[in-house]
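I have placed the structure first, in the form of structure tokens, so that the comments after it can refer back to it.
The values are calculated or read from the model by the stated rules, or taken from the named source; none is laboratory data. If you're wondering where the values come from, they're calculated on a predicted model, not measured in any experiment. All Cβ positions, even for glycine, are placed from backbone atoms using ideal geometry, and neighbour counts span all protein chains on display. Areas reflect the complete protein model, heavy atoms only, side chains present, ligands, DNA and RNA absent. Shrake-Rupley method; radii C 1.70, N 1.55, O 1.52, S 1.80 Å.
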Amino acid sequence: MHSPTTETAPRGGVGGLLPALEESRQRTLALVGHVSDQDLDRVHSTLMSPLAWDLGHIAAFEDLWLCRAAGGLDLLRPDLALVYDADETPRADRGSLEFLRAKEVRVYMEAVRERSRTILDGFDGDEALVELVIRHEHQHNETMLQTLCIAGLLQERGPSPVPASIGPDMVAVEAGPFEMGSPGHGFAYDNERPRHVVDLPDFEIDRLPVTVGDWIEFMDAEGADEPLHWNGTTPDPRLPVMHVSWDEATAYAGFRDKRLPTEAEWEKAATCGALEMVGEVWEWTSTEFGPYPGFRAHPYREYSEVFFGEGYRVLRGGSWATSDRVASNRFRNWDLPERRQIFAGFRCAA
Ligand SMILES: [Fe+2]
């Protein structure tokens, strides 16, 4: 189980950045170590990029933000900039791009990394950009795990069982203000800022995430669909339910005469310590992804701003596949309400 930090702050100074960068690369290469070149190059789902595209994109992002923006170098391969620009190339179209195939991409990754090592030796530039690059690679590792799951190539353990319930099923959170979002110092994504006071009425929130067993009751009673990837077999009923859409989670909550928590309720409960099991499955909230009051895009609009007001729903908490470095009580993830490929479950509020 992950133990998300209460605040999002870089761990260690410059000295810790290169080891962290190398650690994320070890993880990346380990994830695809058992995957054939053919499976790296192909499109497993139009919702996802080919895995080899993710690999090249990780390196291109590092070259752009670490080597160029923080290190002052020109791009190593300017000819690849457009191919790996996530905003210019929708996932569904990436299979037809001239991205570096599995046979070539590792060479490019290592060439960029060698530039990064040189830059970080005696580095006195913007550490936040390096941190951004480290976390970006971790975040793509989770995306790649989703693709591996769809491709039937997942070798990871998945989430842990939800502990048997002791005590009340729901936790009461008192009315009152709390500070939402990340502080102005240290590393945080732009969408977590600025920190601002939110005053909420009292509410109750499930102490634990909804389980597979809970979901089976819903299926039996309401004829609801089985989650993605079950394929007619039922996982351990004690596991948190995973691969359900926002639409399905909302329907389940109605079945229990409850609702999804708002994003603010989720964060207040998490920062009061009222939630258990953070870091097993992402948790859908009822809130549409949007800016906090006073939001400023940083360092680029395409990380968050272009997704605001487009019908995306916020997910919180992080999953078993999310790096400890990325997961925090303040971190905001988002996806469309019909999507099920994310390692997402939920808990209810009332
Ligand atoms: Fe990316």
Mind checking the log10 I(q)/I(0) for region 20-128 at q = 0.11, 0.14, 0.21, 0.24 Å⁻¹? Debye, one equal scatterer per Cα, no solvent, two decimals.
-0.35, -0.56, -1.15, -1.36
Ranked from the most accessible area to the least, with a 1.4 Å probe and all protein chains present, what is the order of C348, C149?
C149, C348
For region 86-98, in order, what is each residue's ³J(HN,Hα) by Karplus, 6.51 cos²θ - 1.76 cosθ + 1.60 with θ = phi - 60°, in whole Hz (x at glycine and Pro)?
4, 6, 7, 10, x, 3, 4, 9, 5, x, 9, 7, 8
Apply the Karplus curve 6.51 cos²θ - 1.76 cosθ + 1.60, θ = phi - 60°, to the phi angles in region 151-164 and return the couplings in whole Hz, x for Gly and Pro.
7, x, 10, 6, 10, 8, 7, x, x, 8, x, 6, x, 4
About the Cα centre of region 202-326, what is the dipole size in debye to 20, counting +1 per Lys and Arg Cβ and -1 per Asp and Glu Cβ, all else neutral?
500 debye
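Once you compute Rg and the Kirkwood Rh from C-alpha atoms, what is the Rg to Rh ratio for region 63-194?
1.08
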P(r) for region 164-251: what percent of alpha-carbon pairs falls in each 5 Å bin, starting at zero?
3, 11, 15, 14, 12, 15, 13, 11, 5, 1
I'd like the accessible area for D93, computed on protein heavy atoms only with a 1.4 Å probe and all protein chains in place. Round to 10 Å², please.
80 Å²
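Stick to Cα atoms and the Kirkwood definition of Rh, then tell me Rg/Rh for region 88-155.
The Rg/Rh ratio comes out at 1.04.
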Could you state the angle between the C-alpha long axis of helix 14-31 and the longest principal axis of the C-alpha atoms of the chain, as a value from 0 to 90 degrees rounded to the nearest 10?
80 degrees
Principal-axis tilt of helix 246-255 within the chain, Cα atoms, nearest 10 degrees:
10 degrees
Using θ = phi - 60° and the Karplus form 6.51 cos²θ - 1.76 cosθ + 1.60, what ³J(HN,Hα) does each residue of region 267-280 get, whole Hz, x for Gly and Pro?
5, 5, 4, 5, 7, 8, x, 7, 9, 9, 6, 6, x, 10
Using alpha carbon coordinates only, what is the Rg to Rh ratio of region 109-259, with Rh defined as the Kirkwood radius?
1.07
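222 nm [θ] for the chain, helices only, -39500 (n - 2.57) per DSSP H run of 4+, per residue, to 500?
-10000 deg cm²/dmol
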Work out, step by step, the length gained on full extension between T233 and I216: first 0.36 nm times the residue separation, then minus their alpha carbon distance; give nm to one decimal.
5.0 nm
Tell me the angle of helix 102-120 to the major Cα principal axis of the chain, expressed in degrees between 0 and 90 and rounded to the nearest ten.
80 degrees
Rh_Kirkwood(the chain) over Cα pairs, Å, one decimal, evaluates to 21.1 Å
Go through F346, F123 and list them by solvent-accessible area, largest first, probe radius 1.4 Å.
F123, F346
Amide hydrogen neighbours beyond the local backbone of Y84, cut-off 5 Å, H modeled:
none
Counting Lys and Arg as +1 and Asp and Glu as -1, each charge on the Cβ, what is the dipole of the chain about the Cα centre in debye, to the nearest 20?
540 debye
Taking a ≥ b ≥ c as the square roots of the eigenvalues of the Cα gyration tensor, with a/c under 1.5 meaning rounded and otherwise prolate when a/b exceeds b/c and oblate if not, region 224-313 is prolate
Suppose each label sits 7 Å from its Cα in the direction of the beta carbon; what would the E104-E156 distance come out to in nanometres?
2.9 nm
